[in-house]
1. Report yes if F10 is touching a residue at least 12 places away in the same chain (Cβ under 8 Å), among the aromatic types (F, W, Y) and in the same structural domain as T86 (by TED's automatic domain parsing), otherwise no.
2. Do any helices (runs of 4 or more DSSP H) lying entirely in the range 185-296 carry at least 3 residues that are in contact with a Cys (Cβ under 9 Å, 6 or more places away or on another chain), and which ones are they?
3. Of the residues that make up the range 261-269, is at least one over 26 Å from G199 (Cα atoms), touching a residue at least 24 places away in the same chain (Cβ under 8 Å) and out of contact with any helix residue (DSSP H, G or I) (no Cβ under 7 Å at 6 or more places or on another chain)?
4. Among the numbered criteria (1) modelled with pLDDT of 95 or more; (2) not assigned by TED's automatic domain parsing to the domain that holds I254, which one does C181 miss?
5. With respect to F17, is the statement that it is of a type outside the set (K, R), assigned by TED's automatic domain parsing to the domain that holds I174, touching a residue at least 40 places away in the same chain (Cβ under 8 Å) and assigned to a loop (DSSP other than H, G, I, E, B) true?
6. Got a sec? Which of R108, R100 is farther than 17 Å from L41 by Cβ, surrounded by fewer than 20 Cβ atoms within 10 Å (Cβ to Cβ), modelled with pLDDT under 90 and charged (D, E, K, R)?
7. Among the residues of the range 178-194, are any surrounded by fewer than 23 Cβ atoms within 10 Å (Cβ to Cβ) and touching a Ser or Thr at 6+ places or on another chain (Cβ under 8 Å)?
8. Read through the list (1) free of Cβ contacts under 8 Å to residues at least 40 places away in the same chain; (2) more than 26 Å from G59 (Cβ to Cβ); (3) acidic (D, E), then give the number of the only condition that D227 fails.
Amino acid sequence: MTGLVPARSFCPEGRLFIKREDGNLGGSIKARTAYFILKDLCRRMGDLAGLTLIESTSGNLGIALARLGADLGVRVLCAVDPTVATEKLAMLAEAGGEIRMVHQAGGRDFRAARIAYVKKQAEETNCIWPNQYSNEVGMLAHEATTGPEIWAETNGLVDIVVVSVGTGGTICGIGSFLRSCGRDVLVVGVEPVGSIIFGGEPGPYLSSGAGLDGPSPLLQRHGSVIDLYAKVADDLAIAACREFAAKEPFGIGITGAASALVGRQLARLHPDKLVVAIAADGAENYRTIIDSLHVQPNIVRNAEFRLLPPAWEHGLGGV
């Protein structure tokens, strides 16, 4: 179980708690997904020794798959792109993951290019693609672990959960569990400006751990658990990383900082509510990006975000 820590200095006006996932193997929430993926493969295929997996990853899932897979004799190929932090690339290599750098040519964005590359490799070689964008076990990992932990750590009193969205496995799993508890918990998704999971205009963004060029198959099937969403620009998320580290005794990554910003806004608006924001990993995974990019001082002090119900196509989800 990872820790749930109050962010009193970052948010003195409300009850904001951070679910710290940097305590997992490999330093991120994706250890949960990797464990469930490998466990499912073992159940279906038996001995995995000699198996080659290939996956599109912003780093965290690849790191976790490589570290866990090493004990099973599994070779892990990691399709990454130029937005992935250099720290994560180093961790991938150290974990034993084999890096395949994919550029945007032929894809709508980096993630689409990565997915297209992995799909082609899986079709043309003997590689197994777990497909974290569609694989139900990615959602079940959080329905079985992260959601119950949040419920237990808040004594069943959680009111709002804020989760950065990429594949959608984390938010759908947590949301599904909380829906089963009988408490009216508000589930809020966060994506970077430029991502169009929830619609809007596509554009470039730095956050490799979140965002997509539309809802994933997981979100298409289970996105109805999401009540509201917000978009957070890169400069705001990075500035929030710096502010959080200056005010709290630990750091959080870019996607966690974006969720914490939205969580702080909700905690300020509803000071009687208990708000949980998921920090998928720590700031050390993005130190080069956080330290090198120029952002205006105090840019996040009065930042406000529009919170909207998802307007899914084909009648999917929404409120």
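The values are calculated or read from the model by the stated rules, or taken from the named source; none is laboratory data. The structure displayed is predicted, hence computed values, not measured ones. Note that we place each Cβ from the backbone using ideal geometry, even for glycine, and neighbour counts take in every protein chain shown.
1. Spelling it out, it is not the case that F10 is touching a residue at least 12 places away in the same chain (Cβ under 8 Å), among the aromatic types (F, W, Y) and in the same structural domain as T86 (by TED's automatic domain parsing).
2. Helices (runs of 4 or more DSSP H) meeting the threshold: 217-222, 254-269.
3. Scanning the range 261-269, I find at least one residue that is over 26 Å from G199 (Cα atoms), touching a residue at least 24 places away in the same chain (Cβ under 8 Å) and out of contact with any helix residue (DSSP H, G or I) (no Cβ under 7 Å at 6 or more places or on another chain), so the answer is yes.
4. (2)
5. Here the answer is no, as F17 does not meet what is asked.
6. R108
7. no
8. Looking at each condition in turn, D227 falls short on (1).
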